[in-house]
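Note sheet for the following structure.
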Amino acid sequence: VGFVSEDEYLEIQGITREQSGDYECSASNDVAAPVVRRVKVTVNYPPYISEAKGTGVPVGQKGTLQCEASAVPSAEFQWYKDDKRLVEGKKGVKVENRPFLSKLIFFNVSEHDYGNYTCVASNKLGHTNASITLFEVKTTGLPPWKGPGAVSEVNNGTSRRAGCIWLLPLLVFLLLKF
């Protein structure tokens, strides 16, 4: 879809972010060859959060909350829990910010880490937020070598155990193939 103007300028009323991009201007007359120039149009807009999902993590494991926002200029991110801003460097927690994505990383999830977190994305045109939940996932409590699919082997009077859950997808694949 293009815009055409017979004037010296092109006015786009109610421009949207989808109309950002390269535009071409062509000027011609009967005396010389047409002159063509390109111009890049950038539409600035406040952030909107396009993806924010909660995640379940067992106690003692690594967990990550992600907040994705689209904005021009790029959004700056902040994280909150219980109306308190989380600062970089809190023990066991790291914030990774990129222009359109922020991650809140927990290196060793504890009981007090569970709950609702708020991701705030802002730029000079506005701000928005989303609530993201870090919730507990219960584990079986059994180590992998004692859980379902475990194999025990006795050799020279010593017991060796190895988890072989990885065999299940291979067996299913082979059965379906043949």
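The values are calculated or read from the model by the stated rules, or taken from the named source; none is laboratory data. Just so it is clear, the structure is predicted and the values come from calculations on it, not from any experiment. Counting neighbours? That spans all protein chains shown, and the Cβs are built from the backbone with ideal geometry, glycine included. Side chains included, ligands, DNA and RNA excluded: accessible areas come from the protein's heavy atoms. Shrake-Rupley method; radii C 1.70, N 1.55, O 1.52, S 1.80 Å.
Please give the per residue accessible area of segment 46-136, computed with a probe of 1.4 Å over protein heavy atoms only, in Å². Kindly include the intermediate steps, with their values, before the conclusion.
On the way: 5150 Å² over 91 residues.
Per-residue value: 57 Å².
Heavy-atom surface analysis with a 1.4 Å probe gives segment 56-97 a carbon and sulfur content of 43 percent of its accessible area. Once amide H atoms are placed 1.01 Å from N in the peptide plane, what residues at a sequence separation of 5 or more from Val72, or on another chain, have their amide H within under 5 Å of its amide H? Here Tyr45 satisfy the definition.
Highest mean first, how do 67-77, 52-62, 100-110, 23-33 rank when packing is the count of other Cβ atoms within 10 Å averaged over residues?
On the way: 67-77: 20.9, 52-62: 13.6, 100-110: 16.7, 23-33: 8.8.
The densest-packed peptide leads the list: 67-77, 100-110, 52-62, 23-33.
Which of the listed residues, Leu134, Val57, Ser70, is farthest toward the dipole's positive end in segment 46-136, when Lys, Arg count +1 and Asp, Glu count -1 at the beta-carbon? Farthest along the dipole direction, towards plus: Ser70.
In a fully extended conformation the segment linking Asp82 and Tyr48 would gain 10.0 nm over its present Cα-Cα distance, using 0.36 nm per residue.
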